[in-house]
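J.: Please find one structure pasted underneath; my questions will follow.
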Amino acid sequence: FGDLVVGAPATSSSRGRVHLYLGASSFDTVPDGQLDGTAPGELVGASTAGAGQFNGGGGAEYLVGAPGLSGSDPLRGTVRVWSSVSVVLNAPGTTANDRLGAVVAGEGADVNGDGYADIVVGAPGNAAAGPDTGRVFLFYGGTSPDATADLTLSGAAAGDQFGAAVGG
C-alpha cells in the first residue's frame with residue numbers, strides 16, 4: 001500500500017508540520033506520524049514527496065521541504081529526508097532567500113544507477129547570477145548520505161526562478 005504525506009506549513013506560527021498516513025486496505029483519517037518544524041517561519045511541509053529508498057534502510061522515506069527560516073537566514077530553506085522515525089538527511093540552503101525546499105521530487109529517481117533513490121530540490125530564489133536566478137540541487141542516495149549536493153544546476157539570468165518546478 002502507498003502512503004500519504006501531507007504538509008501544513010502554516011501550523012504553529014508557520015513552524016509547519018507534516019502528517020503521515022500509512023496506506024492500508026482500510027485507510028483512516030488519523031495520522032500515523034508527524035514531523036514538526038522547530039522555529040517560527042520554517043514552513044516545514046511546504047512541499048512533500050516520496051523519497052523511495054534514499055538511504056537503503058528498508059522502510060519508506062519521505063522528502064520534506066521547508067523553504068522558510070533556516071538558522072538566522074530568512075527564506076534560506078531546508079530539505080529533509082524523513083523515515084517517519086528519524087530525519088536521515090537535513091540539508092540547508094546556501095544563502096538567505098534561496099527558498100530551498102520550495103519544491104521537491106524524489107520517488108523513483110536513481111539518476112546515477114547505484115540502486116538508491118536520489119532526490120531533486122529546487123531553490124528558485126537563489127541569486128547565483130542575480131536576484132531569483134534559481135538553482136536545482138541533486139542529492140545522491142546511499143547508506144550514508146550527506147547534506148552536500150552532488151550536482152548543482154543554475155538558472156541563466158536574474159528572474160529566471162530556475163527550479164520553481166522539478167521532477168524526477
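J.: Do we have A123 as modelled with pLDDT under 95 and open to solvent by less than 70 Å² (accessible area, probe 1.4 Å) here?
T.: When the stated conditions are applied, A123 does not pass them.
J.: Looking only at the stretch 130-147, filter to residues that are in contact with a Gly (Cβ under 7 Å, 6 or more places away or on another chain) and crowded, with 17+ Cβ neighbours inside 10 Å; which one of those is nearest to V64 (Cα to Cα)?
T.: That would be V136.
J.: Identify, from the list D150, D110, the residue that is modelled with pLDDT of 95 or more and either at positive phi or open to solvent by 30 Å² or more (accessible area, probe 1.4 Å) (or both).
T.: Details: D110 fails: modelled with pLDDT of 95 or more.
Of D150, D110, the one residue that is modelled with pLDDT of 95 or more and either at positive phi or open to solvent by 30 Å² or more (accessible area, probe 1.4 Å) (or both) is D150.
J.: Quick one: how many residues across the stretch 143-161 are touching a Leu at 6+ places or on another chain (Cβ under 7 Å) and not in a loop (DSSP other than H, G, I, E, B)?
T.: Applying the first criterion (touching a Leu at 6+ places or on another chain (Cβ under 7 Å)) to the stretch 143-161 yields 145, 147, 149-151.
When the remaining residues are screened for being not in a loop (DSSP other than H, G, I, E, B), the result is 151.
Looking only at that region, the number is 1.
J.: Within the stretch 43-67, how many residues are at pLDDT below 95 and either in contact with a Pro (Cβ under 9 Å, 6 or more places away or on another chain) or on the phi > 0 side of the Ramachandran plot (or both)?
T.: 5
J.: Do we have V44 as within 26 Å of G168 (Cβ to Cβ), β-branched (V, I, T) and in contact (Cβ under 8 Å) with a residue 40 or more places away in the chain here? Break it down into steps so the answer makes sense when it comes.
T.: On the way: within 26 Å of G168 (Cβ to Cβ): yes; β-branched (V, I, T): yes; in contact (Cβ under 8 Å) with a residue 40 or more places away in the chain: no.
Criteria not met by V44.
J.: Right, next: For the stretch 77-100, enumerate the residues that are open to solvent by less than 30 Å² (accessible area, probe 1.4 Å) and within 17 Å of D150 (Cβ to Cβ).
T.: Hits for the stretch 77-100 are V79, V81, L89, A91, G93, L100.
J.: Of (1) within 14 Å of S154 (Cβ to Cβ); (2) in contact (Cβ under 8 Å) with a residue 40 or more places away in the chain; (3) in a loop (DSSP other than H, G, I, E, B), V121 satisfies all except one. Which?
T.: Of the numbered conditions (1) within 14 Å of S154 (Cβ to Cβ); (2) in contact (Cβ under 8 Å) with a residue 40 or more places away in the chain; (3) in a loop (DSSP other than H, G, I, E, B), the odd one out for V121 is (3).
J.: Do you know which residues across the stretch 1-44 are touching a Lys or Arg at 6+ places or on another chain (Cβ under 6 Å) and of a type in the set (G, A, S)?
T.: A8, G37
J.: Between a residue in the stretch 62-74 that is over 17 Å from V136 (Cα atoms) and any residue that is small (G, A, S) and outside any loop (DSSP other than H, G, I, E, B), which pairs come within a Cβ distance under 6 Å, given they are 6 or more apart or on different chains?
T.: Y62/A51; S70/G77
J.: Could you tell me whether any residue of the stretch 132-142 is closer than 23 Å to A46 by Cβ, modelled with pLDDT of 95 or more and not in a strand (DSSP E or B)?
T.: Checked the stretch 132-142: at least one residue is closer than 23 Å to A46 by Cβ, modelled with pLDDT of 95 or more and not in a strand (DSSP E or B).
The values are calculated or read from the model by the stated rules, or taken from the named source; none is laboratory data. Note that the structure is a prediction, hence the values are computed from the model and not measured. A quick note on method: Cβ atoms are made from the backbone with ideal geometry, for glycine too, and the neighbour counts reach across all protein chains shown. These accessible areas exclude ligands, DNA and RNA; they are computed on the full protein's heavy atoms, side chains included. Shrake-Rupley method; radii C 1.70, N 1.55, O 1.52, S 1.80 Å.
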